[in-house]
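This report concerns only the one structure given below.
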Amino acid sequence: MTDGAHIPVFTLGTELRQAEGRWWLAVAGERSQPNAIAVDLLRLVNGHRPVDTIVDLLALRYEAPRQRIMADVVVLLDDLVARGAILLREQPQWKLSLAMLWTWLKLPFRRR
């Protein structure tokens, strides 16, 4: 079951492409034509963006209640997971901020 903290990622061999003025979703050699709302959702899947963020962006775009968008997104993502088009990753437990990275890079390293 899809959760707001999950991060959707396309599986290897799955691609969303535009050809002949239409969007196509290719999953393991099968092509299907998603509707306009599904295309908007799939274009937001980048392997880094959690479901909650995708829902927020779609709710802003369509000016619809967040709960309604979340219900539709969960149904679509669960279907794509069942078809093998998408994997759902857990969010990392920690995040590296730029300030932490900059501090770490400035640390002197001593050779032994």
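Here G47 meets each of (1) within 13 Å of the chain's Cα centre (by Cα); (2) outside any loop (DSSP other than H, G, I, E, B); (3) surrounded by fewer than 17 Cβ atoms within 10 Å (Cβ to Cβ) with one exception, condition (2). Per the listing P65, P108, the residue uniquely surrounded by fewer than 17 Cβ atoms within 10 Å (Cβ to Cβ) and at pLDDT 90 or above is P65.
What are the pairs, 6+ residues apart or on separate chains, where a residue within the range 81-110 that is of a type in the set (V, I, T) has its Cβ under 8 Å from a residue that is modelled with pLDDT of 75 or more and not in a loop (DSSP other than H, G, I, E, B)? If the second residue must be modelled with pLDDT of 75 or more and not in a loop (DSSP other than H, G, I, E, B), the pairs left are V81/L87; V81/L88; I86/P8; I86/V9; I86/F10; I86/L77; I86/L80. For the range 27-44, the set of residues classified as out of contact with any Lys or Arg (no Cβ under 8 Å at 6 or more places or on another chain) and either buried (at least 18 other Cβ atoms within 10 Å of the Cβ) or not in a helix (DSSP H, G or I) (or both) consists of A28, G29, E30, R31, S32, P34, N35, A38, L41, L42, listed by residue number. Within the range 1-26, the residues that satisfy the criterion of being surrounded by 15 or more Cβ atoms within 10 Å (Cβ to Cβ) and modelled with pLDDT under 90 are T2, G4.
The values are calculated or read from the model by the stated rules, or taken from the named source; none is laboratory data. These figures come from a predicted structure and were not determined experimentally. We place every Cβ from the backbone using ideal geometry, glycine too, and count neighbours over all the protein chains shown.
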